[in-house]
Amino acid sequence: AYRLARQIKQFENVELLGKINGAVGNYNAHLSAYPNVDWPAHSQAFVESLGLTFNPYTTQIEPHDYMAELFDALRRFNTILIDFNRDVWGYISLGYFKQKLKEGEVGSSTMPHKVNPIDFENSEGNLGIANAVLAHLGEKLPISRWQRDLTDSTVLRNMGVGFAQSLIAFDACLKGIGKLELNANRLNEDLDQAQEVLAEPIQTVMRRYNVEKPYEKLKALTRGQAMTRDMMVNFVNGNELAQVPSEERARLAELTPATYTGNAAEQAKQINELISKI
């Protein structure tokens, strides 16, 4: 959410530029008709009255640099969302999330029992199309042969495609999120089989109390082996941590993969507050 919020902020901060300074940007015709008018000031006031930002230096066209900034910001947002879609797809495949069933929905043409993560797949696919269009728009539009070529005209007609495919993808992603149910039992099963993650806090505490070669000792214990809860607790209470205070060893012995979460809960609770400060 924080990553997406940063891109939304950058998207919103892109200034939409406008020009009204004649065919080649020098007020030639304006000054020939009314040489005593302050055309730059007059033009700026008019452009800004439309809610646009005045661009004082243009050629025959407004150079479209701001459009590239806008499309690139949206593309970064979409790329982050692709990353999210793929992660959730993977978590569904691993069984960490279940999907609420929708009556009448077909999961597979030949396997009626399947519940596919179709919303996240649809979102990812549409984001890919959107980003392909947005990438071309961002690369093409700032370039104009001798400031007068019309290739931008046909390219600009596809601006709506990039935005529309993005919006379709956003809706699909939100639809998929609405179907998710956490499978706590499956998560706990995997966590119970991941005792080796506790090697990090154990060796960190060992370093704090100047135990020699903590990394090497944990590596010898955990690398390439199926760790059990008993093995980790026995190590904590064994001779290798003899110089670590008993209260610290007791704290380490109580740690589990499920409780070794740092300040994740606090960060999650603060997300809205931190996003508001972007």
Residue by residue through the stretch 202-261, note down the ones that are among the β-branched types (Val, Ile, Thr) and surrounded by 15 or more Cβ atoms within 10 Å (Cβ to Cβ).
-> Ile202, Val205, Val211, Thr222, Val233, Val236, Val244, Thr256
Please specify each residue of the stretch 195-241 satisfying the condition of being among the β-branched types (Val, Ile, Thr), farther than 18 Å from Pro257 by Cα and in contact with a Pro (Cβ under 6 Å, 6 or more places away or on another chain).
-> none
Of all residues in the stretch 154-178, how many are touching a residue at least 24 places away in the same chain (Cβ under 8 Å) and outside any helix (DSSP H, G or I)?
-> 1
If you check Leu81 against the conditions, is it aliphatic (A, V, I, L, M) and buried (at least 16 other Cβ atoms within 10 Å of the Cβ)?
-> yes
May I ask you to list the residues in the stretch 4-53 that are in contact with a strand residue (DSSP E or B) (Cβ under 6 Å, 6 or more places away or on another chain) and buried (at least 16 other Cβ atoms within 10 Å of the Cβ)?
-> Leu17, Gln44, Val47, Leu52
Check off (1) touching a Ser or Thr at 6+ places or on another chain (Cβ under 9 Å); (2) in contact (Cβ under 8 Å) with a residue 40 or more places away in the chain for Thr151 and give me the number that stays unchecked.
-> (2)
From the options Glu196, Glu103, Glu124, residue that is in contact with a helix residue (DSSP H, G or I) (Cβ under 7 Å, 6 or more places away or on another chain) and at pLDDT below 95 = Glu196
What is the number of the single condition among (1) of a type in the set (A, V, I, L, M); (2) under 20 Å from Tyr215 (Cα atoms); (3) without any contact (Cβ under 8 Å) to a residue 40 or more places away in the chain that Leu252 does not meet?
-> (3)
Listed residues Asn116, Asn122, Asn185, Asn158; which is within 32 Å of the chain's Cα centre (by Cα) and crowded, with 18+ Cβ neighbours inside 10 Å?
-> Asn122
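Given the options Glu240, Glu181, Glu200, Glu266, name the one that is outside any loop (DSSP other than H, G, I, E, B) and in contact with a strand residue (DSSP E or B) (Cβ under 8 Å, 6 or more places away or on another chain).
Selected residue: Glu181, the only one of Glu240, Glu181, Glu200, Glu266 that is outside any loop (DSSP other than H, G, I, E, B) and in contact with a strand residue (DSSP E or B) (Cβ under 8 Å, 6 or more places away or on another chain).
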Among the candidates Val115, Val37, Val88, residue that is farther than 24 Å from Glu12 by Cα, assigned to a loop (DSSP other than H, G, I, E, B), of a type outside the set (Lys, Arg) and at pLDDT 95 or above | Val37
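The values are calculated or read from the model by the stated rules, or taken from the named source; none is laboratory data. For clarity, every value in this text was computed on a predicted model and none was experimentally measured. Glycine also receives a Cβ, built like all others from the backbone with ideal geometry; neighbour counts cover every protein chain displayed.
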